[in-house]
Amino acid sequence: MSVPAPSVEVLVRWEAFRAGMRRRRVERGLTQVALAARMGRSQDFVSYLESNSRSVPEMATVMLWADALGGQPGVVFPGEQEAVTC
């Protein structure tokens, strides 16, 4: 069973969320390597999250990402959590 592609609206909102998460990482003075270590993932994985605007990761990944930056997705960027729960 294939998963349907996200809608254009979801991808636009995901792009804003993704860019905001990257800004938050930079503002906190974290490199992709440091964030990856907090997440228990590779730097390549963090790079993929920050640069891939064509797919939306699973909610568990978004929660891990937000937690590593110090908050929940809706707290980090209010109103954007819907973009990643589809």
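The values are calculated or read from the model by the stated rules, or taken from the named source; none is laboratory data. For clarity, every value in this text was computed on a predicted model and none was experimentally measured. Cβ placement follows ideal geometry from the backbone for every residue including glycine, while neighbour counts extend to all protein chains displayed. Just the protein is used for accessible areas: all its heavy atoms, side chains included, with ligands, DNA and RNA removed. Shrake-Rupley method; radii C 1.70, N 1.55, O 1.52, S 1.80 Å.
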Residue list for the stretch 13-29, restricted to those being under 15 Å from the mean Cα position of the chain (by Cα) and either free of Cβ contacts under 8 Å to residues at least 60 places away in the same chain or not in a helix (DSSP H, G or I) (or both):
Glu15, Arg18, Ala19, Met21, Arg22, Arg23, Arg24, Arg25, Val26
Among the residues of the stretch 30-40, write down those that are within 12 Å of Trp65 (Cβ to Cβ), part of a helix (DSSP H, G or I) and among the small types (Gly, Ala, Ser).
Ala36
Restricting to the stretch 1-12, and then to whatever is open to solvent by 70 Å² or more (accessible area, probe 1.4 Å) and either part of a loop (DSSP other than H, G, I, E, B) or among the charged types (D, E, K, R) (or both), can you tell me which residue is modelled with the lowest pLDDT?
Met1
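Taking the residues in the stretch 1-12 that are hydrophobic (A, V, I, L, M, F, W, C) and farther than 14 Å from Val62 by Cβ as candidates, determine which candidate is farthest from the chain's Cα centre (by Cα). I'd like the intermediate steps shown before the answer.
To start, the set of residues in the stretch 1-12 that are hydrophobic (A, V, I, L, M, F, W, C) comprises 1, 3, 5, 8, 10-12.
Cutting the leftovers down to farther than 14 Å from Val62 by Cβ gives us 1, 3, 5, 8, 11-12.
Working: Met1: 25, Val3: 19, Ala5: 17, Val8: 17, Leu11: 12, Val12: 13 Å.
It comes out as Met1.
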Look at the stretch 41-58 and say how many of its residues are within 16 Å of Leu69 (Cβ to Cβ) and open to solvent by less than 100 Å² (accessible area, probe 1.4 Å).
7
Which residues, taken from the stretch 18-36, are over 18 Å from Val56 (Cβ atoms), of a type in the set (A, V, I, L, M, F, W, C) and open to solvent by 20 Å² or more (accessible area, probe 1.4 Å)?
Val26, Leu30, Val33, Ala34
For the stretch 62-86, which positions are part of a helix (DSSP H, G or I), modelled with pLDDT of 80 or more and open to solvent by 20 Å² or more (accessible area, probe 1.4 Å)?
Met63, Leu64, Asp67
